[in-house]
Each structure stands twice: as C-alpha cells, then as structure tokens.
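These notes are about the structure you will find just below.
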C-alpha cells in the first residue's frame with residue numbers, strides 16, 4: 001500500500017511539473033498559398049508547445065507522443081481574449097504578430113506607358 005501512495009505522489013508531482021512548464025504561442029494564421037481568399041485568418045489561435053519529445057513506435061513506425069496538449073488549438077476572436085485566457089490559466093505564452101502583405105498595384109495599361117523604365121518587347 002505504501003508503494004502505491006508513493007507512486008501516486010510521484011505522479012502528482014510530475015503532473016504539477018508539467019503544468020508549471022506549460023507554454024504556448026498565440027498567433028493569427030497566414031493565408032494559404034493555394035488560394036487567394038483569406039478564410040480562417042481573422043481568428044487568433046493559442047497552440048501549446050511540445051513538452052515531451054516524440055518517439056517512433058517500434059512495431060508500426062508511427063510517431064507517438066505522450067503529450068496530448070499539442071493536439072489542442074484554441075481559437076479566439078481577439079488577441080486580448082487569448083492573452084486573458086493564458087494569464088487566467090497560468091500558461092506562459094508568446095505572441096507572434098502577423099505580417100501584413102504589401103500589395104503592389106499593377107495595371108495592365110502600365111505595360112504600354114510611354115514613360116516605362118524598361119522597353120516593351122515581344
């Protein structure tokens with residue numbers, strides 16, 4: 001019976017240690033390169049970092065991990081909501097701010113402009 005209590009105490013200490021070292025990143029996803037639309041880019045995502053290394057299953061060859069938190073992605077409407085959640089739950093976090101795309105206005109008629117810098121050729 002004493003061995004069971006000792007094992008339970010070690011497990012509880014391990015769980016507390018895992019919770020103490022929880023870290024996450026908060027980011028807004030970029031637009032996909034496959035399409036020009038901006039769907040699913042308006043929300044902020046809180047994604048937990050990997051806390052234990054992945055292992056290769058010797059039988060099937062799959063990669064496995066005992067860390068289930070890295071499967072969780074929480075979505076928030078604003079950055080402030082995501083930060084408030086992380087602070088409330090005691091999660092260390094870092095914010096990755098999105099880079100806005102620079103749009104270059106290009107007109108078809110500029111190809112035939114008289115003041116064009118490069119000569120127009122076929």
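Out of 87, 118, 81, 42, report the one residue that is in a loop (DSSP other than H, G, I, E, B) and at pLDDT 85 or above.
Values: 87 fails: in a loop (DSSP other than H, G, I, E, B); 118 fails: at pLDDT 85 or above; 81 fails: in a loop (DSSP other than H, G, I, E, B).
Going through 87, 118, 81, 42 in turn, just one is in a loop (DSSP other than H, G, I, E, B) and at pLDDT 85 or above: 42.
Condition first: surrounded by 13 or more Cβ atoms within 10 Å (Cβ to Cβ) and at pLDDT 60 or above. Now tell me which residues in the stretch 4-39 satisfy that.
22, 23, 24, 25, 26, 27, 28, 29, 31
If you go through the stretch 47-58, how many residues are in a strand (DSSP E or B) and surrounded by fewer than 11 Cβ atoms within 10 Å (Cβ to Cβ)?
Going through the stretch 47-58 one residue at a time, the tally reaches 1.
Being part of a loop (DSSP other than H, G, I, E, B) and either farther than 14 Å from residue 99 by Cβ or out of contact with any strand residue (DSSP E or B) (no Cβ under 7 Å at 6 or more places or on another chain) (or both) is the filter here, so list the residues in the stretch 21-39 that pass it.
Listed by number, the residues that qualify are 21, 22, 30, 31, 32, 33, 34, 35, 36, 37, 38, 39.
I'd like the residue in the stretch 90-108 that is surrounded by 10 or more Cβ atoms within 10 Å (Cβ to Cβ) and touching a helix residue (DSSP H, G or I) at 6+ places or on another chain (Cβ under 9 Å) and, out of all such residues, is nearest to residue 30 (Cα to Cα).
95
Could you please find all residues in the stretch 59-72 being exposed (fewer than 11 other Cβ atoms within 10 Å of the Cβ) and outside any helix (DSSP H, G or I)? Show your work before the answer.
Initial filter on the stretch 59-72 (exposed (fewer than 11 other Cβ atoms within 10 Å of the Cβ)): 59-64, 66, 68, 71-72.
Matches in the stretch 59-72: 59, 60, 61, 62, 63, 64, 66, 68, 72.
Just one of the numbered conditions (1) surrounded by 10 or more Cβ atoms within 10 Å (Cβ to Cβ); (2) at pLDDT below 85; (3) more than 15 Å from the chain's Cα centre (by Cα) is not true of residue 1; which one?
(1)
The values are calculated or read from the model by the stated rules, or taken from the named source; none is laboratory data. Since the structure is predicted, the reported quantities are computational estimates derived from the model, not experimental observations. Backbone-built Cβ (ideal geometry, glycine too); neighbour counts: all protein chains shown.
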